[in-house]
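**Q** Pasting a structure below so you can have a look.
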Amino acid sequence: MLGLCNNFAYVVMLSAAHDILKQQESQNTTLTTPAPGLLESYSGNSSNSSRYDCNPVSTAAVLLADIIPTLLIKLTAPFYIHKVPYGCRVLMCVVTAAVSFLVVSFSSSVWMSILGVIFASVSSGLGELSFLSLTVYFSNNVLSGWGSGTGGAGVAGALLYSGLTQAGLSPRVTLLIMLVVPAAMLISYFLLLDFPPSFPQWRPREVPYTGFQERRPLMWDDNEDYAPDEREKEYRQTGALTFLDKLHVLKDLLRFIVPLAVVYFAEYFINQGLLELLYFPKAFLSHPEQYRWYQTLYQIGVLISRTSLFCIKIRKIWLLSALQCVNAVLLVFAVYYQFLPSVWVVFVIVLYEGLLGGAAYVNIFYLIRTETGEREREFAMAAASVGDSFGIALSGAVAFPVHKYFCSL
């Protein structure tokens, strides 16, 4: 539930902000160019001489507006967030998520809609690194539940928003109804979650550990047998991690952060730079409907694979990144040469893309949780979350020139 609530506002903000902006533009007949940043029209552009049915502005513009605040939080917060109690962090997530719905629903200008998206991004970024850190206080099954919830947010958010608007409700009323989601997060965390007796709910994180600890080191080769009696025995230190300790942990985490960034770069480059260009005019679906189904099938794939941790665990995470890059290269050639015969082929590829992305996310954090010492684990779970946001931001920047190139053909 917490995973679903945390990512819900982040997921629906793009389509909601677009609807609000579209309504604003329809009321302003003097506006002849698309609003920068947030506009992502899926309708055909009759004045476009390109062989593609291009949008005037790449959907990567929306992606950057939604991911940059999250990236900034994930880059900096792991070094100071331990000073903020978990209860305060969750309250900040709830407030910023509610503000995002209110600001976008009552938006009267482009900058207000952008501001609403920023609030949603702040809520999602702060919530993700906080809840990932929180999983160290519970059993391993909690991490799989978190992955399932975040995967389900994409499907639930898209279906609920589309269903309510198609039922005749305005985007503004729909967003106001969705204020129930931040309320659900508040109830789930403070009333339903069963915390350990020593959990620091309203006080800064402390590390009172003493005694003997054995663990498998982060940088251990997967092919070597690990013998704790021979390889590593260390004493737990008291007190919080120092700045140098955190830098050392970050260095060890690179073997997880880099493949996570690569897999997210590839999949969001596909989603925001290529999918809108894969249009099949003879298909039974319109261009907007095709794009909407691409995104829905991707989210379904993510949901399935993030839930799979209950059944299967994957250690070869670089393989997942490599396969996702193969997907990206394949679809680049598909856009350029237009050799794919049917929209159904793209549907299958996009579903597979979601499976790879979700599997990489949940297995990487599972490995971090199981391969770090107790003293470093909470920081490591939060710090590694920067990988996906960095990959997403980089993909948005690359998708701009790629989109412009294809639309110029």
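**Q** Taking helices (runs of 4 or more DSSP H) that do not extend beyond segment 138-256, which have at least 1 residues that are open to solvent by 60 Å² or more (accessible area, probe 1.4 Å), over 30 Å from Ser100 (Cα atoms) and at pLDDT 60 or above?
**A** Qualifying helices (runs of 4 or more DSSP H): 141-166.
**Q** Working only within segment 373-401, note down all residues that are surrounded by fewer than 24 Cβ atoms within 10 Å (Cβ to Cβ) and either without any contact (Cβ under 8 Å) to a residue 40 or more places away in the chain or within 14 Å of Arg255 (Cβ to Cβ) (or both).
**A** Pro401
**Q** Right, next: Give all pairs with beta carbons closer than 6 Å in which a residue from segment 335-357 that is under 23 Å from Tyr264 (Cα atoms) meets a residue that is open to solvent by 50 Å² or more (accessible area, probe 1.4 Å) and part of a helix (DSSP H, G or I); count only pairs at least 6 apart in sequence or on separate chains.
**A** Close Cβ pairs satisfying both conditions: Leu356/Leu323.
**Q** Restricting attention to segment 343-352, does a residue exist that is over 25 Å from Tyr405 (Cβ atoms) and exposed (fewer than 14 other Cβ atoms within 10 Å of the Cβ)?
**A** yes
**Q** Somewhere in segment 113-129, is a residue within 21 Å of the chain's Cα centre (by Cα), open to solvent by 30 Å² or more (accessible area, probe 1.4 Å), at pLDDT 90 or above and not acidic (Asp, Glu)?
**A** Yes - at least one qualifying residue is present in segment 113-129.
**Q** Is there any pair with a first residue in segment 81-103 that is touching a residue at least 24 places away in the same chain (Cβ under 8 Å) and assigned to a loop (DSSP other than H, G, I, E, B) and a second that is open to solvent by 40 Å² or more (accessible area, probe 1.4 Å) and not charged (D, E, K, R) whose Cβ atoms are under 8 Å apart and which are 6 or more apart or on different chains, and what are they?
**A** Sorted first by the residue in segment 81-103, then by its partner, the pairs are Val84/Pro204; Pro85/Trp202; Pro85/Pro204.
**Q** Next question, about the same structure. Could you tell me whether Leu102 is within 18 Å of the chain's Cα centre (by Cα), open to solvent by 20 Å² or more (accessible area, probe 1.4 Å) and not β-branched (Val, Ile, Thr)?
**A** no
**Q** Take segment 75-99 and flag every residue that is open to solvent by 60 Å² or more (accessible area, probe 1.4 Å) and either under 18 Å from Ile118 (Cβ atoms) or among the acidic types (Asp, Glu) (or both).
**A** Leu75, Thr76, Met92, Val95
The values are calculated or read from the model by the stated rules, or taken from the named source; none is laboratory data. From a predicted model like this one, the values you see are computed outputs, not experimental measurements. In this analysis, Cβ positions are derived from the backbone assuming ideal geometry, glycine residues included, and neighbour counts consider all displayed protein chains. Areas reflect the complete protein model, heavy atoms only, side chains present, ligands, DNA and RNA absent. Shrake-Rupley method; radii C 1.70, N 1.55, O 1.52, S 1.80 Å.
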